[in-house]
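Presented below is the structure to which this report refers.
The values are calculated or read from the model by the stated rules, or taken from the named source; none is laboratory data. Because the structure is a prediction, the values reported are computed rather than measured. We place every Cβ from the backbone using ideal geometry, glycine too, and count neighbours over all the protein chains shown. The protein model used for the area step is the full one, side chains on, heavy atoms only, and it has no ligands, DNA or RNA in it. Shrake-Rupley method; radii C 1.70, N 1.55, O 1.52, S 1.80 Å.
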Amino acid sequence: MAMAWIWTGMIAASVIYGLMNGTIGAVGNAAMEGAAAAVDLCLSMAGIMCLWSGVMSIMKASGLMDGLSRLFRPVLQRLLPRACRDRDTLSALSGNVSANLLGLGNAATPLGIQAARRMAAGCGEKASNELCTLVVLNTASIQLLPTTVAGVRAALGSESAFDIVPAVWLASVLSVAAGLAAARIFSRFWKS
């Protein structure tokens with residue numbers, strides 16, 4: 001709701017400023033150009049999202065997701081020991097981590113929600129430390145292939161959309177490390 005007020009205020013300020021300066025035509029043109037660019041970007045991103053969501057579906061159908069579950073099990077059991085006792089929760093967690101590693105936040109979201117719902121069952125009214133850790137892992141995920149960002153860069157005309165990979169690796173590893181450290185520190189203050 002707050003964002004609706006912020007956007008409305010920004011639009012009103014732009015129109016008022018355009019009226020006061022006599023540039024309302026330029027404001028209208030900029031709004032139309034921005035809307036057209038947004039539609040173009042959404043259409044180009046839809047293809048990329050369909051491709052990688054399809055890849056995730058194929059991974060699940062082929063059993064590769066189960067293989068990734070086994071690969072990620074030691075790390076996930078260390079981070080989320082109670083959640084990993086349930087096979088379905090572990091599968092959702094592994095799929096979520098896999099999608100995030102591929103830079104597919106939109107494909108990772110349904111799997112993260114599924115894992116969070118399974119983890120929240122029995123927690124009552126408050127989130128457990130493991131559930132908070134899952135939120136941290138989702139928010140600050142390690143990305144090996146930043147496909148969504150590279151797709152946006154390619155759609156906007158970048159000649160080498162994946163040249164950001166080293167910076168993404170460094171930033172994502174540091175953000176996950178900082179997030180997990182903060183989750184561990186705060187879990188000592190608020191026991192669940």
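Relative contact order of the stretch 64-103: 47 percent, from C-alpha pairs under 8 Å at least 6 residues apart in sequence. Remark: relative contact order (the chain) = 18 percent; criterion is Cα-Cα distance under 8 angstrom and separation of 6 or more residues. Residues C123, C132, C84, ordered by accessible area of protein heavy atoms at a 1.4 angstrom probe radius and largest first, appear as C132, C123, C84.
Of the whole protein surface, I185 contributes about 90 Å² of accessible area at a 1.4 Å probe radius.
For the chain, the longest principal axis of the alpha carbon atoms and the long axis of helix 165-189 meet at an angle near 60°. Length gained on full extension, A26 to A2, computed as 0.36 nm times the residue gap minus the Cα-Cα distance: 5.9 nm. Were the residues from L64 through V173 laid out at 0.36 nm apart, the gain over their Cα-Cα distance would be 36.8 nm. Under the shape rule built on the C-alpha gyration tensor, where the axes satisfy a ≥ b ≥ c, the chain is prolate, since a/c reaches at least 1.5 and a/b is greater than b/c. Placing R0 at 22 angstrom, the Cβ-Cβ distance between C123 and Q77 gives a FRET efficiency of 0.70 after rounding to 0.05.
Exposed loop sites are taken as trypsin sites (Lys or Arg not before Pro) in a DSSP loop (any state but H, G, I, E or B) with at most 14 other beta carbon atoms within 10 Å; the longest stretch of the chain without one runs 1-81. A simple spin-label model places pseudo-atoms 7 Å from Cα toward Cβ; at V15 and I185 they are separated by 4.6 nm.
Compared with the alpha-carbon gap, the fully stretched path from F162 to V135 is longer by 7.0 nm at 0.36 nm per residue. As I understand it, the value is the acute angle between the Cα axis of helix 24-62 and the longest principal axis of the Cα atoms of the chain; what does it come to in degrees, rounded to 10? So the helix axis and the longest Cα principal axis differ by about 20 degrees. The GluC sites (Glu not before Pro) of the stretch 111-192 meeting both criteria, a DSSP state outside H, G, I, E and B (loop) and at most 14 other C-beta atoms within 10 angstrom of the site's C-beta, are E125, E159.
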